[in-house]
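The values are calculated or read from the model by the stated rules, or taken from the named source; none is laboratory data. Remember, it's a predicted structure, so these values are computed and weren't measured experimentally. When we count neighbours, we look across all protein chains shown, and the Cβ atoms used for this are built from the backbone with ideal geometry, even at glycine. Note: accessible area is taken over every heavy atom of the protein model, side chains too, but ligands, DNA and RNA are not part of it. Shrake-Rupley method; radii C 1.70, N 1.55, O 1.52, S 1.80 Å.
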Amino acid sequence: MLKKGETYTGAVEKNVWGGKGFLKNDEQVVLIKGAIEGQVVEYRVEKTKKQYAEAVVEKVITPSSFELPEREKKNTIPGCEYQDIRYEKQLEIKHGQLQEIFRNFPEISLPAVLPSPQIFGYRNKMEFSCGFETQECFLEEGNKKWNDSGLVLGFHPPQDWAKVIRIDDVFIASRALNFLRQEIEVILQSIVENYSGEKDVRPWNARIHTGLWRGLIMRESAYSQSIIVNFLVSEESDASLWEELVEEVLSLHIPENKKISGIIRTVHTGKSDAIVNPQVSVLWGSELLEEKLGESVFEISPFSFFQTNTLGAELLYSTVRKKIGETSGKNVLDLFCGTGSIGIFCASNAKKIVGIEMIQEAVAVARKNAEKNNVTNAEFYAEKVEKVLPEILQKDSFDTIIVDPPRSGVHPKALQYLAQIPVKKLVYVSCNPSTLERDVRALEMTQKWRLVEVQGVDMFPHTSHLEIVSVIERIDCS
Ligand SMILES: C[S@@+](CC[C@H](N)C(=O)[O-])C[C@H]1O[C@@H](n2cnc3c(N)ncnc32)[C@H](O)[C@@H]1O
């Protein structure tokens, strides 16, 4: 039996869904964070469970043949578990994971994963946290005090949610966004150092919830070549400080001929990083961005959902369009529709599109997006799918269904309603193959449905994530 805290050595057999390395030590399964298929590693066991042990890499003894040569390796970015693996191998790993998860469906077509059209600088949205460069906690008369200094805009390292580390060249972001992160960090450092007013304008200390600067969110549009800069703060603070900041940001010469089209401030008063009820004010320009996917134009508001890989989103939506086929003269049901982008992209010439989405603001944007694209045949409902689906099915009949649920998959009740719909084809888009497999099994149990195809689309190079477009057909429907 493996023991917690002990170190062992072994060869990593594969990378499983979620990114961890897998090996067996005397028949005991070990999942190792940071390990790559083909490496021989020394690993330390952190947790032992009934079915498996969890471990971390202590030392790589033999590198993997799938690893990039040292000179090609980039700065370590949290969340990019596969960044040291050659891209073709990353795709093979993701394909192998799908084959394993869908092993009980031997008859389906499971083609190679479609690569992302762009593998570096592909993200259209970057979120940086703000914190202190150095933080020291000490006791003074029995009370905890903090000796903090410097300001950094960066990422929380995986093992410390309250710390922020600077990474100069984030290879999944564009040159323009990397440049802005760096320059804005310098501007904020200078504002903090030279401030003489009464307010606390230091970075946010996530442990004791003090300070002003909490983060920086930037979104860029390839279509308009413009960028929205969004400062996340704990309060509005001094007006003079914002005037100076806006002036300095606007004076920057951004590479790649990109321009800033809006500077906004979001007050986030909550203690945790999760932004609930953001209070957004526009300091300069506009808070809205427009992006084009194929022939469709979409409006992006500061906190609305939009796929973070623009060219990847075009590939994903084109794949969905191919799977659903011709929609002219047909009624299309777009479940979990977000801001309506899949329906509008794939079925703008349909007789009718009905979208369901529980977030009211997203539905408002979906309606605007339909209008923007002259799609006059779309109706959107701001409701939970499991609640409103029976009512919708009583009003209309559908020829095609698109389902794009969150990671948790489709609610069992909604799945029961879906199973009854007499439609030939269901195209299920998923970012979680495990819940997709669970939902497909539930549909197949009714003996009315059959999984036909599972196509991976890599929207997130260098990470362990993947989008999947699957086709499920109704057996008793001609
Ligand atoms: C993966 S996103 C899909 C976004 C959209 N299809 C797109 O590509 O832009 C899942 C969406 O489902 C919504 N959602 C989650 N649970 C829901 C439910 N029970 N009923 C309706 N919508 C739900 C979320 O708010 C989110 O917008």
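Could you list all residues from the range 95-138 that are among the hydrophobic types (A, V, I, L, M, F, W, C) and part of a loop (DSSP other than H, G, I, E, B)?
Those that are among the hydrophobic types (A, V, I, L, M, F, W, C) and part of a loop (DSSP other than H, G, I, E, B): F102, F105, I108, L110, A112, V113, I119, F120, F132.
Does any residue of the range 74-84 turn out to be open to solvent by 60 Å² or more (accessible area, probe 1.4 Å) and without any contact (Cβ under 8 Å) to a residue 60 or more places away in the chain?
To start, the set of residues in the range 74-84 that are open to solvent by 60 Å² or more (accessible area, probe 1.4 Å) comprises 74-76, 81.
If we keep only those that are without any contact (Cβ under 8 Å) to a residue 60 or more places away in the chain too, we end up with none.
No, the range 74-84 has no match at all.
List pairs: first residue in the range 90-113 and open to solvent by 50 Å² or more (accessible area, probe 1.4 Å), second residue among the hydrophobic types (A, V, I, L, M, F, W, C) anywhere in the structure, Cβ distance under 7 angstrom, at least six positions apart or on different chains.
Between residues of the range 90-113 that are open to solvent by 50 Å² or more (accessible area, probe 1.4 Å) and residues that are among the hydrophobic types (A, V, I, L, M, F, W, C), the close pairs are Q99/L110; S109/V452; A112/L91.
What number of residues within the range 314-330 are within 8 Å of the ligand (Cβ to nearest atom) and at pLDDT below 95?
Total satisfying the criteria: 0.
Scan the range 178-199 residue by residue and report those that are under 24 Å from the mean Cα position of the chain (by Cα) and open to solvent by 60 Å² or more (accessible area, probe 1.4 Å).
Correct list: Q182 only.
Would a scan of the range 160-175 turn up a residue that is at pLDDT below 95, of a type outside the set (D, E) and out of contact with any Phe, Trp or Tyr (no Cβ under 9 Å at 6 or more places or on another chain)?
For the range 160-175, residues at pLDDT below 95, of a type outside the set (D, E) and out of contact with any Phe, Trp or Tyr (no Cβ under 9 Å at 6 or more places or on another chain): present.
Determine whether the range 54-65 contains at least one residue that is surrounded by 15 or more Cβ atoms within 10 Å (Cβ to Cβ) and out of contact with any strand residue (DSSP E or B) (no Cβ under 8 Å at 6 or more places or on another chain).
Scanning the range 54-65 turns up at least one residue that is surrounded by 15 or more Cβ atoms within 10 Å (Cβ to Cβ) and out of contact with any strand residue (DSSP E or B) (no Cβ under 8 Å at 6 or more places or on another chain).
Among the candidates R202, R214, R175, R207, which residue alone is open to solvent by 10 Å² or more (accessible area, probe 1.4 Å) and touching a His at 6+ places or on another chain (Cβ under 7 Å)? Step through it out loud before you land on a result.
Numbers: R202 fails: touching a His at 6+ places or on another chain (Cβ under 7 Å); R175 fails: touching a His at 6+ places or on another chain (Cβ under 7 Å); R207 fails: touching a His at 6+ places or on another chain (Cβ under 7 Å).
Of R202, R214, R175, R207, the one residue that is open to solvent by 10 Å² or more (accessible area, probe 1.4 Å) and touching a His at 6+ places or on another chain (Cβ under 7 Å) is R214.
Just checking, which of L333, L311 is within 19 Å of the chain's Cα centre (by Cα) and either within 15 Å of the ligand (Cβ to nearest atom) or outside any loop (DSSP other than H, G, I, E, B) (or both)?
L311
Of all residues in the range 268-293 being among the small types (G, A, S) and closer than 23 Å to L241 by Cβ, which is farthest from the chain's Cα centre (by Cα)?
The residue in question is G285.
Looking only at the range 218-238, which residues are open to solvent by 10 Å² or more (accessible area, probe 1.4 Å) and within 19 Å of R202 (Cα to Cα)?
L232, S234, E235, E236, S237, D238 - these are the residues of the range 218-238 that are open to solvent by 10 Å² or more (accessible area, probe 1.4 Å) and within 19 Å of R202 (Cα to Cα).
Can you go through L293, L311 and tell me which one is farther than 15 Å from V229 by Cα, open to solvent by less than 20 Å² (accessible area, probe 1.4 Å) and out of contact with any Lys or Arg (no Cβ under 9 Å at 6 or more places or on another chain)?
One residue alone meets the criteria, L293.
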